[in-house]
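Asks: Structure provided below as structure tokens; questions to follow.
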Amino acid sequence: LGKSMAEHLRFAVCYWHTLCWPGLDPFGGETFLRPWHQAGDQMDHARRKADMMFETLRLLNVPFFTFHDLDIAPEGSSLKEFNRNVSTIASHLLKKMDETGVKLLWGTANMFSNRRFMAGAATNPDPDVFAYCAAQVKHCLDVTKELGGENYVMWGGREGYETLLNTDLKRELAQAGRFLNLVVDYKHKIGFKGPILIEPKPQEPTKHQYDYDVATVYSFLKANGLEKEVKVNIEQNHAILAGHTFEHEIALASALGIFGSIDLNRGDYQSGWDTDQFAMNVPELALALYEILKAGGLTTGGMNFDAKIRRQSIDPDDLLHAHVGSMDACARALIAAAKMIEDGRLKAEVDKRYAKWDEPKNQAMLHGKESLADIAGRVLSENIDPKPRSGRQEYLENLLNTYV
Ligand code: GLO
Ligand code: NI
Ligand code: NI
Ligand code: NI
């Protein structure tokens, strides 16, 4: 489809699951402690961690990485110290990037782990927290620009609520809108070229996250005049939690003109939380990639492995096998999706279903030449009486099997 496989499969390894997550869950502690989880000089640890990231990228031959400010550098005891730490490690990363040719897909600020964010970040009832978020995002955006980041991501961490009895929802949404406008203005001021991406998620950690799904984010962007400025980063596991499919969220974002990038992972349908497993299911990925190709492919966006090995996988090899397995699954799915487009059979079926709309009298219904009463009158005068027409669903789902 005019691009090489590598140009389509813009994979990224994420810092937080690959290097930072120590294998804990709500019922038990760490199962694989890394050197930097032990006591010691935190900045030394941060450099080692960065070197390990580049070693992982080299072994996997992956072109991009992603990070939160807090993943790459220690918080220290003040924002000043944190900013200094982040900048110091960013210089180290930049050197590594120059040496290896690896690029930054996106940076993001962690505004959910520290307890100051327990009631949200930009939507927090405490204006001091709002100000702190502004400071953190400003610096993270500066650093992302310095590193040539191709996007900047905002996942709404704890932007949501547990109970409306202590929450002024309208006020919090207004705060979120103001915050996003500030970020967009700043991005333009410093000449950051890549898109800002909001990552929707319906629940977890809060019971009701404000950025529920693509549709919710779009209405939020519209309400704040930002629908031309901000796009979305869609995660499979979040789509499932919202009761959608991955491909639905991609198709909807594309239809609304806000499709940006994906967090590639897999959530099981029975689990009800964000398990972030590596995506290995070829038919599912083919449906997602089919929508991505129809949307024109990934240009500034990428495929970020927002995925972690399970806490029993203490064999370090599993981290590599997981990435390789998921890359293979994507490559197979991409081949299938390209065939689905190239042989034209699917499109022909869809075009056939909508073909009657091409007739001029039906176009008049769509393009404002006829009123509701005109259309109603036509039904009576022309004796229009719709009969059930085939949608060919089983045939087409069966056809899918021939591609994957
Ligand atoms: C959590 C999200 C999270 C984001 C990350 C980057 O469920 O998926 O991992 O992707 O903060 O924005
Ligand atoms: Ni994610
Ligand atoms: Ni997630
Ligand atoms: Ni997830």
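Asks: Spin-label point model (7 Å from Cα, Cβ direction): what's the His367 to Asn114 distance in nm?
Replies: Output for this residue pair reads 5.7 nm.
Asks: So, for the chain, what is the accessible surface per residue at a probe of 1.4 Å, expressed in square angstrom? Don't skip to the answer; put the middle values down first.
Replies: Working: 20090 Å² over 404 residues.
So the chain comes to 50 Å² accessible per residue, rounded to a whole number.
Asks: How far is it, in nm, from the label point at Asp328 to the one at Tyr186 when both lie 7 Å from their Cα along the line to the Cβ?
Replies: Result: 4.4 nm between the two label points.
Asks: Return the single residue from Lys231, Lys189, Lys103 with maximal mean-square fluctuation; model: Gaussian network over the chain, springs between Cα atoms under 10 Å.
Replies: Of the options given, Lys189 has the highest mean-square fluctuation.
Asks: Still on this structure, please answer the following. May I ask what percent, to the nearest 5, of DSSP beta bridges between residues of the stretch 102-210 are antiparallel? Before the final figure, lay out each step's value.
Replies: Numbers: 2 of 8 bridges.
Rounded to the nearest five, the antiparallel share is 25 percent.
Asks: State the extension gain, in nm to one decimal, for the chain segment bounded by Lys138 and Lys294, taking 0.36 nm per residue of separation less the distance between their alpha-carbons.
Replies: Numbers: separation 156, 0.36 × 156 = 56.16 nm, distance 3.47 nm.
Gain on stretching Lys138 to Lys294: 52.7 nm.
Asks: Something else: Ignoring everything but the protein chains, give the 1.4 Å probe accessible area of Leu380 in square angstrom, nearest 10.
Replies: 140 Å²
Asks: Still on this structure, please answer the following. Which of these, Ala295, Ala331, Ala373, has the largest mean-square fluctuation under a Gaussian network model of the chain (Cα springs below 10 Å)?
Replies: Residue with maximal mean-square fluctuation among Ala295, Ala331, Ala373: Ala373.
Asks: Something else about it: Under a 1.4 angstrom probe, counting protein chains only, how are Arg266, Arg178 ranked by accessible area, largest first? Working shown, then result.
Replies: Numbers: Arg266 60, Arg178 135 Å².
The residues order as Arg178, Arg266, largest area first.
Asks: Can you compute the modelled spin-label distance between Leu33 and Thr88, with each label point 7 Å from Cα toward Cβ, in nm?
Replies: Going by the 7 Å Cα→Cβ label model, 2.4 nm.
Asks: Now for a separate question. Could you give the length gained on full extension between Leu320 and Ser390, defined as 0.36 nm per residue of separation minus the Cα-Cα distance, in nm?
Replies: On the way: separation 70, 0.36 × 70 = 25.20 nm, distance 4.65 nm.
Gain in length upon complete extension: 20.5 nm.
Asks: Rounded to a whole number, what % of the accessible area of the chain do carbon and sulfur atoms account for, probe 1.4 Å? Mind showing how you got there, number by number?
Replies: Values: 11010 of 20090 Å².
Carbon-and-sulfur percentage of accessible area, whole number: 55.
Asks: In addition: GNM on the chain, C-alpha springs below 10 Å: top fluctuator among Ala348, Ala135, Ala279?
Replies: Most flexible of the set in this elastic network: Ala348.
Asks: Something else: Would the stretch 167-214 count as rounded, prolate or oblate if I go by the C-alpha gyration tensor, calling it rounded below 1.5 in a/c and otherwise prolate when a/b exceeds b/c, oblate otherwise? Intermediate values should be presented prior to the final figure.
Replies: Working: a/c = 3.79, a/b = 1.68, b/c = 2.26.
Note, shape of the stretch 167-214 comes out oblate.
Asks: Answer rounded, prolate or oblate for the stretch 119-177, using the Cα gyration tensor with square roots of eigenvalues a ≥ b ≥ c: rounded when a/c is under 1.5, else prolate when a/b is larger than b/c, else oblate.
Replies: On the way: a/c = 3.25, a/b = 2.29, b/c = 1.41.
Cα axes put the stretch 119-177 in the prolate bin.
Asks: Which of the aspartates and glutamates could a cross-linker bridge to Lys339, judged by Cα under 16 Å and excluding same-chain residues fewer than eight apart?
Replies: Answer for Lys339, where 16 Å is the Cα cut-off: Glu284, Glu291, Glu349, Glu397, listed by chain and number.
Asks: In addition: So which lysines can Lys193 reach, going by Cα to Cα under 27 Å and dropping same-chain residues fewer than 8 places off?
Replies: Counting by Cα, and skipping residues close in sequence, Lys193 has these lysines nearby: Lys3, Lys80, Lys95, Lys96, Lys103, Lys138, Lys145, Lys201, Lys222, Lys228, Lys231, Lys294.
Asks: Using R₀ = 45 Å, calculate the FRET efficiency as 1/(1 + (r/R₀)^6) where r is the Cβ-Cβ separation of Arg310 and Ala376; round to 0.05.
Replies: On the way: r = 59 Å, r/R0 = 1.31.
Computed FRET efficiency for Arg310 and Ala376: 0.15.
Asks: Between rounded, prolate and oblate, where does the stretch 20-77 land on the alpha carbon gyration tensor, with a ≥ b ≥ c its root eigenvalues, rounded for a/c under 1.5, else prolate if a/b exceeds b/c?
Replies: Details: a/c = 1.80, a/b = 1.26, b/c = 1.43.
Because a/c hits 1.5 or more and a/b fails to exceed b/c, the stretch 20-77 counts as oblate.
Asks: Now, a different point. List the lysines whose Cα sits under 16 Å from the Cα of Lys356, skipping any in the same chain fewer than 8 residues away.
Replies: Lys356 reaches Lys347, Lys387.
Asks: Which percent, to the nearest 5, of DSSP beta bridges fully inside the chain are antiparallel? Spell out each step's value before the answer.
Replies: Working: 4 of 30 bridges.
Around 15 percent antiparallel, to the nearest 5.
Asks: So, one more: Test of understanding: extend the Cα→C-beta vector of Ala355 to 7 Å, then name every residue of the stretch 376-404 with backbone N under 19 Å from that spot.
Replies: 386-396
Asks: Rounded to the nearest 0.05, what FRET efficiency do Lys228 and Ala174 have when you use their Cβ-Cβ distance and R0 = 22 Å?
Replies: On the way: r = 20 Å, r/R0 = 0.93.
The value I calculate is 0.60.
Asks: How about the stretch 9-74: which chymotrypsin sites (Phe, Trp or Tyr not before Pro) there lie in a loop by DSSP and see at most 16 other Cβ atoms within 10 Å? Mind showing how you got there, number by number?
Replies: On the way: sites: Phe11, Tyr15, Trp16, Phe27, Phe32, Trp36, Phe54, Phe64, Phe65, Phe67; in loops: Phe27, Phe32.
Within the stretch 9-74, the qualifying chymotrypsin sites (Phe, Trp or Tyr not before Pro) (loop, at most 16 other Cβ atoms within 10 Å) are Phe27.
Asks: Now, a different point. If the only charges are +1 at each Lys and Arg Cβ and -1 at each Asp and Glu Cβ, what is the size of the charge dipole of the stretch 282-378 around the Cα centre, to the nearest 20 debye? Mind showing how you got there, number by number?
Replies: Working: 14 positive and 15 negative charges, 75 e Å.
For this selection, approximately 360 debye.
The values are calculated or read from the model by the stated rules, or taken from the named source; none is laboratory data. In this text, all values refer to a predicted model and were calculated from it rather than measured experimentally. In this analysis, Cβ positions are derived from the backbone assuming ideal geometry, glycine residues included, and neighbour counts consider all displayed protein chains. Just so you know, the surface numbers come from the protein's heavy atoms only, side chains and all, with ligands and any DNA or RNA stripped out. Shrake-Rupley method; radii C 1.70, N 1.55, O 1.52, S 1.80 Å.
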